[in-house]
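Right, one structure below, let's go through it.
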Amino acid sequence: MTAARETYTPALGHAALTPVYDAAIALMTRESVWRRAFLEQIAPAAGDVILDVGCGTGTLALLIKQAAPDATVIGLDPDAAILDRARDKSRRAALEVDFEQGFASDAARLADRKPNKIVSSLVFHQVPLEEKRAGLAAMHAALQTGGALHVADYGLQRTRLMRALFRQIQILDGVQNTTPNAEGIMVRIMAEAGFAKVVETSVIPTPTGSISFYRAMRKAGGAQ
Ligand SMILES: C[S@@+](CC[C@H](N)C(=O)[O-])C[C@H]1O[C@@H](n2cnc3c(N)ncnc32)[C@H](O)[C@@H]1O
């Protein structure tokens, strides 16, 4: 897989900030609250093959592997520097996760790994609209029939306070890519990518805007 053909927004908006990513996310997002709740939604189990799209420093992938040591966990991210950090964290934690370089729109190439769950956290808000759609379509193609998609990300900002707080993320990641998420586009584009039973399952207020959880399924028998 190559990351050369496209560009991407680095984890904290600027490559120079990547070394402080984990500390910043802990401060900016009530991380322990939403990560624990998201892990409960994913419910990793022995035998699962779980693909984490936009895995960043690998925090979620490693939590999944820790919760279900007999699951296979694969992390995918276009940023070679952040993947080095993820591999380093995985070595130090002695947790085996396979980290691969690629965009969300490359996910279909991992279909042969037969993921029955695809997860993604804090990624789509910083991705251009076209890549949000292409990424979700590739994730749908990669997912096993009957499998589940779980996404945690900044979504519809329902109150003036949350909308105002979300401007901090827009300063880091830019207005153009982030606005569709704040206006609540995720459910619609997940359904348009072919996912069934798309639901927003939780909304968690944080100091940088509300984070929504979504769940969707790949139905048997083709695109829907
Ligand atoms: C804010 S970080 C989130 C990292 C991690 N998922 C977490 O929960 O901490 C966003 C990540 O998405 C990655 N990314 C950016 N554009 C992407 C794309 N088009 N496809 C997949 N990942 C992308 C970045 O490299 C970065 O690691």
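Only the coordinates and a few stated rules stand behind these numbers; no lab work does. Here the structure is a predicted model, which is why all the values come from computation and not from measurement. Ideal geometry is used to build each Cβ from the backbone, glycine not excepted, and the neighbour counts take in all protein chains shown.
Some observations on this one:
- Overall dimensions of segment 28-100, expressed as equivalent-ellipsoid semi-axes from the Cα gyration tensor (√(5λ), whole Å, largest first), are 18, 16, 11.
- Gap separating the Cα centres of segment 30-86 and segment 131-192, nearest whole Å: 18 Å
- Each of Tyr154, Tyr21, Tyr214 was scored by other Cβ atoms within 10 Å of its Cβ. Arranged with the fewest first, they read Tyr21, Tyr214, Tyr154.
- Nitroxide proxy distance, nm - points 7 Å out along Cα→Cβ at Gln176 and Glu130: 1.0 nm
- Length added when fully stretched, Arg91-Gln144, from 0.36 nm per residue minus Cα-Cα: 16.2 nm
- DSSP beta bridges fully contained in segment 15-217 are about 40 percent antiparallel.
- Fewest-first ranking of Lys89, Lys197, Lys65, using other Cβ atoms within 10 Å as the exposure measure: Lys197, Lys89, Lys65
- Spin-label model distance (nm) - Ala111 vs Ala43, 7 Å beyond Cα toward Cβ: 2.7 nm
- Ordered by the number of other Cβ atoms lying within 10 Å of each residue's own Cβ, fewest first, Val203, Val119, Val49 fall into the sequence Val203, Val49, Val119.
- Calculated on alpha-carbon atoms, Rg and Dmax of the chain in Å: 15.9, 45
- Using only side-chain charges placed at the Cβ, +1 for Lys and Arg and -1 for Asp and Glu, the dipole size of the chain relative to its Cα centre rounds to 540 debye.
- Efficiency of FRET from Cβ geometry, Ala16 and Thr201, R₀ 25 Å, rounded to 0.05: 0.10
- Taking amide hydrogens as placed 1.01 Å from N in the peptide plane, the amide H of Gly75 sits under 5 Å from those of Asp52, Asp98, Phe99, Glu100, each at least 5 positions away in sequence or on another chain.
- Full-stretch length increase - Gln101, Arg36 - with 0.36 nm per residue and alpha-carbon distance subtracted: 20.8 nm
- Over 26 Å [Cα-Cα, segment 1-132], rounded percent: 15 percent
- For the residue pairs Lys65/Lys117; Lys65/Lys197; Lys65/Lys114; Lys132/Lys219; Lys114/Lys219, alpha carbon separations beyond 23 Å are given by Lys65/Lys197.
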